[in-house]
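The next block holds one structure in the form of structure tokens; read it before the comments.
The values are calculated or read from the model by the stated rules, or taken from the named source; none is laboratory data. If you're wondering where the values come from, they're calculated on a predicted model, not measured in any experiment. All Cβ positions, even for glycine, are placed from backbone atoms using ideal geometry, and neighbour counts span all protein chains on display. Each accessible area value is taken on the protein alone, full model and side chains, heavy atoms only, with ligands, DNA and RNA left out. Shrake-Rupley method; radii C 1.70, N 1.55, O 1.52, S 1.80 Å.
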Amino acid sequence: MPLKVKISLFKPITAILSLCAFLSTAAAQPAPSAGRPRLVVGIVIDQLRTDCLEQLRPLMCADGFRQFMTRGTYMRDLHFQPARLDIASATAMLFTGATPDKTGVPSAYTYSATTMRREPTMSDPSAMGNFTSATYSPRSLRLSTITDEVMIDGAGLGMTHAIATDPQQALAMAGHAASGALWLDTNTGKWSTSTYYGDMPQPASNRNYRHALSARLDTMQWKPMLPLDAYPGLPAQKRYYPFRHTFPSSGRDVYRQFAASPKANTEVTDLAIDYINTLRMGSRGDAIDMLCVGLTAAPFKYVKDGDYRLELADTYLRLDRDIERLLHAVDKAVGLGNALIFITSTGYYDDATHTDAKYKIPGGEFSAKRALSLLNTYLSGRYGQGDYVSAYADSRFYLNTGLIEGKKLEREQVAVTAKNFLSKMSGVDRVYTLADILSSTSADEEAWRLCTDPRSAADLTVEITPGWTLTDDTAYPPVSVPVRRARYHAPAMILGTGVPATTVSTPVDAASLAPTITGLLRLRAPNGASAAPLLLP
């Protein structure tokens, strides 16, 4: 049953909604095309939640999220089957229509047996960075994407671009054949791309040279856009003091903090509008152009008290204004009747924050370094001296293949022995061997199989008990993450001519979104799409 939230509206809301109504007055629209859309805009919002959207809906403008929810197809529960997702694997899944075990992007980082360390999955040393030292390309993405199919359909006459703060999200949206993929370098604050896509697009170069983020960062601040009493669902202690976040250029990881804030959403939206206007997207005759935009609704983890509820509500309202501005730009450029626009969540939610010990929630700390040491000691006692586990990364243990083969041992038997030992450790809920996952005889194992790529998979995957803290102290600095497994509904929305105004409350397979979009565009589905398109009313 969907959560019903009773919202009490305050006087300040009237003024805000009146302003939104005034801003939503549309300019004269070009006549709708009788054929396919001229411009497609795909908006992927990391960690967007249905309950937050619906709770804050009365505070939103008519031409933002509410336009999708009332005039388009609004899917309240886009269901992602894999057990674990992140921004890279979820975006690749959404744009290919295939689960992470098939896309080549099972997660944002994968362990390299060659370098014996975790590396970005889409890292590619053969592709030089432009305005960045990072090297990325979509070559690890094994399947075609929505954007690829748009380019193939137009025989290269159309253009497709992707913009996001995260490099791998930008590449997953852009695909192989795109005109460009753009991301924010969190070391320099420059908009960056890969030589895989050729030259830097003019709007991005202009922004780097003439409107650089580094020159504006010290003047930026983020504080609530409404009086505190206007935000619904906040406890009393959050209504007394407004937050105020600044981004001093001298600060450590300041660009990462900026990228995690709604200020970054505004920056991405501004650049997307520049692309539409400067590159005249949607004006290439019968060819379809596509612009992909990556935004965030993730909790802002840089709060001092660990309680980000007020910041989260404000992020949604600011997102709504950015969506409205982007739709107005599309309307002015080609007319909404000549465009297809979709919004989707990435289907996971990272709400893990440390809970004060005074609340006495059961738990403890699982140290990866300690587990690794104890496991190697145990296996040495069973099979002879040696380092049987070569690495740990992200709740996964990798066995030392060379040592095991040298001792003429069965790798699977060593994995089973390790599983039995780890299963008895405090804080461990379940342990899966790679064979368990690939054979998937249970629903839990099947969920893990869908996010496991056999080519880069670990030998053992550990699930830590909720309430415990998982500390990766195998590297410096150590990283501690509280474990939670609560699930939330993720929305998706489609707006455009021929798209019915309807709300779908039953779960919709996330893999069906890509073939649904290509179907509406009268294109073939991506080559690995594993689900049928959604049958719209």
ask   = Has region 480-492 got at least one residue that is over 22 Å from D351 (Cα atoms), without any contact (Cβ under 8 Å) to a residue 24 or more places away in the chain and not in a strand (DSSP E or B)?
value = no
message = in contact with a Pro (Cβ under 9 Å, 6 or more places away or on another chain) and more than 27 Å from G35 (Cα to Cα): is that true of L438 in this structure?
response = yes
request  = Scan region 523-537 for residues that are farther than 13 Å from G175 by Cβ and either surrounded by fewer than 17 Cβ atoms within 10 Å (Cβ to Cβ) or charged (D, E, K, R) (or both) and jot them down.
outcome  = R524, A532, L535, L536, P537
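Loosely packed, with under 15 Cβ neighbours inside 10 Å and aromatic (F, W, Y): does that describe Y476?
Working: loosely packed, with under 15 Cβ neighbours inside 10 Å: yes; aromatic (F, W, Y): yes.
Yes; evaluated as a whole, the condition is true for this residue.
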query = List, please: which pairs have Cβ atoms under 7 Å, are six or more places apart or on different chains, and start with a residue in region 251-276 that is free of Cβ contacts under 8 Å to residues at least 24 places away in the same chain and end with one that is among the small types (G, A, S) and part of a helix (DSSP H, G or I)?
reply = none
task = Restrict the check to region 220-238 and report whether at least one residue is touching an Asp or Glu at 6+ places or on another chain (Cβ under 8 Å), within 25 Å of D51 (Cβ to Cβ), outside any helix (DSSP H, G or I) and open to solvent by 50 Å² or more (accessible area, probe 1.4 Å).
result = yes
Which listed residue, of T401, T441, is farther than 22 Å from Y111 by Cβ and of a type in the set (V, I, T) = T441
ask   = Does Y196 satisfy the criteria of being part of a helix (DSSP H, G or I), open to solvent by 10 Å² or more (accessible area, probe 1.4 Å) and without any contact (Cβ under 8 Å) to a residue 12 or more places away in the chain?
value = no
When residues of region 107-122 are limited to those that are touching a strand residue (DSSP E or B) at 6+ places or on another chain (Cβ under 6 Å) and polar (S, T, N, Q), the one nearest to T474 (Cα to Cα) = S112
ask   = With respect to L399, is the statement that it is surrounded by 12 or more Cβ atoms within 10 Å (Cβ to Cβ) and more than 31 Å from the chain's Cα centre (by Cα) true?
value = no
remark   = Counting only residues that are part of a helix (DSSP H, G or I) and within 12 Å of N527 (Cα to Cα), region 137-146 contains a total of 1
request  = Output the strands (runs of 3 or more DSSP E) that fall wholly within region 40-136 and possess 2 or more residues being open to solvent by 10 Å² or more (accessible area, probe 1.4 Å) and not polar (S, T, N, Q), or say none.
outcome  = 109-112, 117-120
key: Residue among D305, D314, D331 that alone is at pLDDT below 95 and either surrounded by fewer than 20 Cβ atoms within 10 Å (Cβ to Cβ) or more than 24 Å from A162 (Cβ to Cβ) (or both)   = D305
query = Which pairs do you get when a residue that is modelled with pLDDT of 95 or more and open to solvent by less than 50 Å² (accessible area, probe 1.4 Å), found in region 496-522, comes within reach of a residue that is among the charged types (D, E, K, R) and not in a helix (DSSP H, G or I), reach meaning Cβ atoms under 7 angstrom, with the pair 6+ apart or on two chains?
reply = V504/R76; V508/D77; T518/R524; L521/R36
inquiry  = Being buried (at least 18 other Cβ atoms within 10 Å of the Cβ) and of a type in the set (K, R) is the requirement here; does R382 meet it?
reply    = no
task = Tell me which of these K358 doesn't satisfy, since it passes every other one: (1) touching a residue at least 24 places away in the same chain (Cβ under 8 Å); (2) part of a helix (DSSP H, G or I); (3) surrounded by fewer than 18 Cβ atoms within 10 Å (Cβ to Cβ).
result = (1)
ask   = How many of the residues making up region 261-280 are in a loop (DSSP other than H, G, I, E, B) and either in contact with a Gly (Cβ under 9 Å, 6 or more places away or on another chain) or small (G, A, S) (or both)?
value = 1
message = Out of the residues in region 252-285 meeting the condition of being of a type in the set (A, V, I, L, M, F, W, C) and over 30 Å from A313 (Cα atoms), tell me which one is least open to solvent (accessible area, probe 1.4 Å).
response = M281
message = within 30 Å of T461 (Cβ to Cβ), in contact with a strand residue (DSSP E or B) (Cβ under 7 Å, 6 or more places away or on another chain) and touching a residue at least 40 places away in the same chain (Cβ under 8 Å): which single residue out of G347, G306, G282 fits that description?
response = G347
inquiry  = Any residue that is closer than 18 Å to I343 by Cα, surrounded by 24 or more Cβ atoms within 10 Å (Cβ to Cβ) and of a type in the set (S, T, N, Q) - is there at least one of those in region 158-165?
reply    = yes
inquiry  = Condition check: assigned to a loop (DSSP other than H, G, I, E, B), modelled with pLDDT under 50 and not charged (D, E, K, R). Does L17 satisfy that?
reply    = no
ask   = Within region 320-335, can one find any residue that is closer than 16 Å to T269 by Cβ and in a loop (DSSP other than H, G, I, E, B)?
value = no
